[in-house]
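What follows draws every value from the coordinates through simple rules; no lab data is involved. Since the structure is predicted, the reported quantities are computational estimates derived from the model, not experimental observations. Using ideal geometry, Cβ is built from the backbone for each residue, glycine included, and neighbour counts are taken over all protein chains shown.
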Amino acid sequence: EAGVAQSPRYKIIEKRQSVAFWCNPISGHATLYWYQQILGQGPKLLIQFQNNGVVDDSQLPKDRFSAERLKGVDSTLKIQPAKLEDSAVYLCASSLARGSYEQYFGPGTRLTVT
Amino acid sequence: AQSVTQLDSQVPVFEEAPVELRCNYSSSVSVYLFWYVQYPNQGLQLLLKYLSGSTLVKGINGFEAEFNKSQTSFHLRKPSVHISDTAEYFCAVRLTGGGNKLTFGTGTQLKVEL
């Protein structure tokens, strides 16, 4: 079974530029999560989708971050414009259903904002 | 709101020695507890979880953890570590009622030395 795929793996941009990350969850997984992991900290949930609907985006900085999951499969997370403090690893995870106990994580995208 | 504390940011240990990684949580309601491992440049992988029942939980790679409700702890243990166990370990909690948002600790870097 293929795991959660993310691209790109690394991205370096200047502040005020825009960036987008892509995630393809495990086939058949209805729930998709985006986490932000700042160096030295644990992952923090940004947004959770159930199929193509948003379940929780309470910690998403909506003035600059946006995410979509149009067909209930893959998802895109965008930052526009980026700030220095957005430098982090962005992890995508998926689970079979909203009540599932295990989340499967992708390898992450390491973003550096200069 | 729930929170997780991992007091040890780094734990050095010699190969074949036992190790304990500490995790304490705070929550006003009952929680599920998890330990994840993150190898360099990889996503998080579930090691073990406590949902209910026996307070001693066994996971993959010879790890185990014990849930202690009175001390609100969920410490991770391994009787004999290997070089390959070198990684970052994250403790996480999730409320038992509704949703599956994970709240992570700041992580403990386990470094196994020869």
### Task
Using the charge dipole of chain A (Lys, Arg: +1 at Cβ; Asp, Glu: -1 at Cβ; taken about the Cα centre), state which of A:Thr31, A:Phe21, A:Ala5 has its Cα farthest towards the positive end.
A:Phe21
### Query
Can you work out the FRET efficiency for the pair A:Glu68 and B:Asn61, with r the C-beta to C-beta distance and R0 = 30 Å, to the nearest 0.05?
0.25
### Task
With +1 on each Lys and Arg Cβ and -1 on each Asp and Glu Cβ, and nothing else charged, work out how big the dipole of the protein assembly as shown is about its Cα centre, in Debye to the nearest 20.
640
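Please work out whether chain B counts as rounded, prolate or oblate from its C-alpha gyration tensor, where a ≥ b ≥ c are the square roots of the eigenvalues and a/c under 1.5 means rounded, while otherwise a/b larger than b/c means prolate and anything else oblate? Walk me through the numbers before you get to the answer.
Details: a/c = 1.93, a/b = 1.67, b/c = 1.15.
It is prolate, given that a/c is not under 1.5 and a/b is the larger ratio.
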### Query
Residue farthest toward the positive end of the dipole of chain B, with Cβ of Lys/Arg at +1 and Asp/Glu at -1: which of B:Leu7, B:Asn100, B:Thr72?
B:Asn100
## Note on the structure
Neighbour-count ranking for B:His82, A:His29 (other C-beta within 10 angstrom, fewest to most) reads B:His82, A:His29
### Query
For A:Ser66, what is the net charge nearby, where nearby means another residue's Cβ is under 12 Å from its Cβ and Lys, Arg count +1, Asp, Glu -1?
+1
#### Entry: Mean projection area, nm², convex hull over Cα of chain A
6.6
### Message
I want to check the label-to-label distance for B:Asn68 and B:Gln42. Put each point 7 Å from Cα in the C-beta direction and report it in nm to one decimal.
### Response
3.0
